[in-house]
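Worksheet for the structure shown next.
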Amino acid sequence: MAEKVVVVMGVSGSGKSSVGSALALALGADFIDADDHHSAANRQKQAAGTPLTNEDRKGWIASIAADLNARAGTCTLACSALNETVRGWLAAQISAPLTYVLLEGEKALIAERMKARAGHFMPASLLDSQFAALDPPAQAIRVDIARPVEVLVADILASLDAG
């Protein structure tokens, strides 16, 4: 089982995969992208412009948890984890302690990033629903995504060391 899990969270397009993979490299940790655990049905639903419900997310969270529980050491997970229900499922199903890093940014910046990326199943048209669903945890390391990834990782590492 994973020793600890750093969950890099936020709305789609906030940079979870970029920051999460760079953070994992800096920590010498495994990196898991929650997008890799979505079912084909969930991907199709989002690609069609329909937001997922918590019911849609149950199998996704179970798949992520199984992956994390099969690993050793520290893991970094890029996962939207938008609401308390989903975070509760993560906490209940993952054996390791979880630390949340919330990637925050202006909607216009994130929309611009979403429109620029090619081949992703999540359309920019769902960004409003992502912000509407976002219920940040009280305890999270918060970073502003307007800054370069290297700066974000340095800030996150400093916060992890301080905690």
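The values are calculated or read from the model by the stated rules, or taken from the named source; none is laboratory data. All of these numbers come straight from a predicted model, not from anything done at the bench. In this analysis, Cβ positions are derived from the backbone assuming ideal geometry, glycine residues included, and neighbour counts consider all displayed protein chains.
A single member of 83, 54 is polar (S, T, N, Q), closer than 23 Å to residue 140 by Cβ and surrounded by fewer than 14 Cβ atoms within 10 Å (Cβ to Cβ), and it is 54. In this entry, residue 39 is excluded by the filter for residues that are under 28 Å from residue 157 (Cα atoms) and in contact with a helix residue (DSSP H, G or I) (Cβ under 8 Å, 6 or more places away or on another chain). Total residues in segment 115-161 satisfying the condition of being closer than 30 Å to residue 40 by Cα, of a type in the set (A, V, I, L, M), surrounded by 17 or more Cβ atoms within 10 Å (Cβ to Cβ) and modelled with pLDDT of 80 or more: the figure is 3.
Residues in segment 137-161 that are touching a residue at least 12 places away in the same chain (Cβ under 8 Å) and farther than 21 Å from residue 84 by Cα: 12 in all. For first residues located in segment 1-22 and acidic (Asp, Glu), partners that are part of a strand (DSSP E or B) and lie 6+ apart or on another chain with Cβ distances below 6 Å form the pairs 3/73; 3/74.
For residue 88, the conditions (1) more than 14 Å from the chain's Cα centre (by Cα); (2) over 24 Å from residue 152 (Cα atoms); (3) surrounded by 15 or more Cβ atoms within 10 Å (Cβ to Cβ) are fulfilled apart from (3). Every condition in (1) without any contact (Cβ under 8 Å) to a residue 60 or more places away in the chain; (2) surrounded by fewer than 24 Cβ atoms within 10 Å (Cβ to Cβ) holds for residue 43 except the one numbered (1).
Yes/no matrix, rows are residues, columns are (1) hydroxyl-bearing (Ser, Thr, Tyr); (2) touching a Lys or Arg at 6+ places or on another chain (Cβ under 8 Å); (3) at pLDDT below 95:
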position	(1), (2), (3)
11	no, no, yes
26	no, no, no
44	no, no, yes
48	no, no, yes
52	no, yes, yes
61	no, no, yes
69	no, no, yes
73	no, no, yes
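Within segment 14-27, take every residue that is of a type in the set (A, V, I, L, M, F, W, C) and surrounded by fewer than 19 Cβ atoms within 10 Å (Cβ to Cβ) and give me the one that is nearest to residue 67 (Cα to Cα). Filtering first and then ranking leaves 25. Is there a residue in segment 30-43 that is more than 16 Å from the chain's Cα centre (by Cα) and either assigned to a loop (DSSP other than H, G, I, E, B) or closer than 28 Å to residue 151 by Cβ (or both)? Yes, segment 30-43 contains at least one residue that is more than 16 Å from the chain's Cα centre (by Cα) and either assigned to a loop (DSSP other than H, G, I, E, B) or closer than 28 Å to residue 151 by Cβ (or both).
Just one of the listed residues (30, 35) is surrounded by 14 or more Cβ atoms within 10 Å (Cβ to Cβ), at pLDDT 95 or above, within 18 Å of residue 100 (Cβ to Cβ) and out of contact with any Leu (no Cβ under 8 Å at 6 or more places or on another chain), namely 30.
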